[in-house]
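For reference, the structure discussed in these notes is given below.
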Amino acid sequence: MNNDAQSALSLLPMIDRRHADDTSAWQSICIALKNCGVPYEVFEQWSLTDRHRDRKQIRRAWENLRGGHTIGTLIHYAKLDGGNVSYVCASAKPGSFDGDLAFAAIIAPYAECSVTDLECELWERSPYRMDDECGEGDFLALLGSLYDLDDLVFVGDPKVTADGQRQCIRSVKEHLSSPRLAEFFRPNPLTGLPVTRENGRPSFVCDACVAKFRYAVLEFDYRDVREQYAFFLAMPDKGFPIAALTHSGNKSVHCLLSVDCADASEWESEVEEQLFRAKLEPLGCDRACKNESRSSRTPGARRANGKMQRLLYLNPNMKGN
């Protein structure tokens with residue numbers, strides 16, 4: 001993120017949206033925002049006028065346009081529209097990035113929607129049509145859609161002893177034929193073999209026990225549930241490979257993101273560095289979720305507070321290899 005990003009984010013609201021309907025101005029502003037290091041989502045939301053409603057067109061412009069426009073271009077247009085640019089540019093901190101502003105731009109299309117409306121929209125958009133009533137069928141649908149029958153999946157208490165871990169790891173075929181639900185499961189299939197950790201204790205579920213690096217767990221715990229719903233509704237249109245969404249029964253939505261890495265090295269590079277640290281953490285995603293053996297809430301299970309953990313969205317097309 002270069003030093004002009006914060007100024008650009010502050011200047012953009014001062015630029016009248018009529019410029020988005022002027023192709024030359026729109027292209028210049030696109031190049032300037034990109035050169036300043038502003039996230040694409042900010043430009044997309046600013047561009048969505050009656051003339052520019054094609055998100056694919058907006059994305060192509062962002063990816064293909066090149067030029068020397070930068071912060072000066074944005075200052076020019078802001079001044080045309082009477083903006084107080086001197087205050088904005090003086091107050092911006094070099095190298096800073098307003099993740100809250102970027103997040104707000106992503107969810108802007110759903111600003112007027114209620115929690116109920118957003119949840120219904122997720123249900124409607126789900127490629128897998130789920131039962132109206134929450135229960136063990138939610139988890140069975142997830143297992144049957146996103147896993148192979150011989151995959152070994154842990155379902156149980158994350159803090160159980162090594163012997164308990166071993167008993168909680170069963171093949172998907174076994175889970176489907178004889179379900180034993182628990183509050184948590186580990187989305188990535190395991191080897192079923194123990195690994196001695198640095199503390200000298202064996203583990204069947206640590207990072208080194210992961211056999212297939214298919215799914216990353218995402219959670220925006222500190223954001224309002226309505227905002228989380230809006231974010232996950234907005235992201236599939238941007239190519240975000242969401243495999244499943246589960247309401248935790250409390251204050252968060254757990255997302256399984258299809259990443260399908262070849263091994264631990266690719267996971268570290270693609271998921272931990274490029275996905276979490278560079279893109280998701282600045283938006284407020286829980287950074288503790290980035291490891292490959294991370295637990296997630298089991299859809300269809302009842303949590304300790306008595307509330308059900310509900311499957312909101314399931315896309316079998318995002319099944320990993």
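The values are calculated or read from the model by the stated rules, or taken from the named source; none is laboratory data. From a predicted model like this one, the values you see are computed outputs, not experimental measurements. Backbone-built Cβ (ideal geometry, glycine too); neighbour counts: all protein chains shown.
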Study note, to complete from the structure: Within the range 154-171, restricting to residues that are over 18 Å from Leu142 (Cβ atoms) and among the aliphatic types (A, V, I, L, M), the one that is nearest to the chain's Cα centre (by Cα) is Val160
Practice item. Of the conditions (1) buried (at least 19 other Cβ atoms within 10 Å of the Cβ); (2) over 22 Å from Phe103 (Cα atoms); (3) small (Gly, Ala, Ser); (4) modelled with pLDDT of 85 or more, Gly67 clears all except one; give me its number. Key: (1)
Study note, to complete from the structure: By my count, strands (runs of 3 or more DSSP E) wholly in the range 117-221 with at least 2 residues that are more than 19 Å from Arg294 (Cβ to Cβ) are 169-171
Practice item. Check the range 189-198 and report whether any residue there is over 25 Å from Lys307 (Cα atoms), buried (at least 17 other Cβ atoms within 10 Å of the Cβ) and within 25 Å of the chain's Cα centre (by Cα). Key: yes
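So for the range 147-161 (the condition being farther than 24 Å from Asp263 by Cβ and surrounded by 19 or more Cβ atoms within 10 Å (Cβ to Cβ)), does at least one residue qualify? Spell out how you get there, then give the answer.
From the range 147-161, those farther than 24 Å from Asp263 by Cβ are 155-157, 159-161; that's our starting set.
Applying the additional criterion that residues be surrounded by 19 or more Cβ atoms within 10 Å (Cβ to Cβ) yields 155-156.
There is at least one residue in the range 147-161 that is farther than 24 Å from Asp263 by Cβ and surrounded by 19 or more Cβ atoms within 10 Å (Cβ to Cβ).
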Practice item. Six or more apart or on different chains, Cβ under 9 Å: which pairs go from a residue in the range 232-258 that's within 30 Å of Asn305 (Cβ to Cβ) to one that's part of a helix (DSSP H, G or I) and acidic (Asp, Glu)? Could you list them? Key: Leu233/Glu121; Ala234/Glu41; Thr246/Asp138; His247/Glu119
Review point. Restricting attention to the range 282-321, which residues are touching a helix residue (DSSP H, G or I) at 6+ places or on another chain (Cβ under 8 Å) and without any contact (Cβ under 8 Å) to a residue 60 or more places away in the chain?
Key: Arg287
